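Below is one structure, written out as structure tokens; comments come after it.
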Amino acid sequence: MVRSLDSSIVEQQAGEVSSRILTVPNVLSFIRLALVPVFLVLIIAGKDGLALLVLVVSSVSDYLDGVIARRFRQISRLGQLLDPAADRAFIFAALIGLAVRGVIPWWLFAVIVARDLLLVVLGVVLANHGYGPLPVHHLGKAGTLCLFYALPILMIGQAFPDATAIANPVGWAFALWGVFLYWWGGVIYATQTVRMVRILRDEDPSLSTTLER
């Protein structure tokens, strides 16, 4: 069961994922990345309304690039990197901006960064064994989605003081669930990485001997 699951992931990467760079989903992802510094400046400046508008535009483009990539078979290796990178860049920008203003504690930023550092390490391990990045897991997406809800809700509490009593507890509930799901997805990525490396060693005993040295 494990072998068939991980093999299917490798086959999906090899058969369905292209190496194209100039695609509509990738262009949308580049636009989202370009909006990140604008978003950060607006948050630090306390212009939460405009920052929320930028985030809405980013969220819509995120939805569209996913739909277009699947429907028109424009899934690419670059897109698999850009899409989660843009998501995390917006989250980091919001976390940094809100932490600088004292809206959230720095430990929340540190916990999320630690999970993404784990993914970087896993990516290096996979690259050293000839694999590309693993497909985005739905738990990681769910965690990202919770954080996307949490941070704007907390920003609403800052922009509209009358809504603070409701926005803060709801925002923190989404934030804590987001961190939990974010790390749960990270553990699954780590488990898949270990399984794929084991499959490679089973299929190539000479490589396994080399690695053991």
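Observations, loosely collected:
- Note on the stretch 117-137: residues that are touching a residue at least 40 places away in the same chain (Cβ under 8 Å) and in a helix (DSSP H, G or I) total 5.
- The stretch 189-204, residues that are in contact (Cβ under 8 Å) with a residue 24 or more places away in the chain and not aromatic (Phe, Trp, Tyr): ALA190, GLN192, THR193, ARG195, MET196, VAL197, ILE199, LEU200
- Residues of the stretch 58-86 that are hydrophobic (A, V, I, L, M, F, W, C) and assigned to a helix (DSSP H, G or I): VAL60, LEU64, VAL67, ILE68, ALA69, LEU78, LEU81, LEU82, ALA85, ALA86.
- Hits in the stretch 25-49 - residues which are surrounded by fewer than 20 Cβ atoms within 10 Å (Cβ to Cβ) and of a type outside the set (A, V, I, L, M, F, W, C): PRO37, GLY46, LYS47, GLY49
- Within the stretch 55-107, the set of residues being hydroxyl-bearing (Ser, Thr, Tyr) and touching a Leu at 6+ places or on another chain (Cβ under 6 Å) comprises SER58, SER61.
- Criterion violated by LEU64 - all others in (1) of a type outside the set (S, T, N, Q); (2) surrounded by 15 or more Cβ atoms within 10 Å (Cβ to Cβ); (3) under 26 Å from GLY97 (Cβ atoms); (4) within 17 Å of the chain's Cα centre (by Cα) satisfied: (2)
Only the coordinates and a few stated rules stand behind these numbers; no lab work does. As the structure is a prediction and not an experimental result, all values here were calculated from the model. For neighbour counting, all protein chains shown are included, and Cβ atoms are generated from backbone atoms with ideal geometry for every residue, glycine included.
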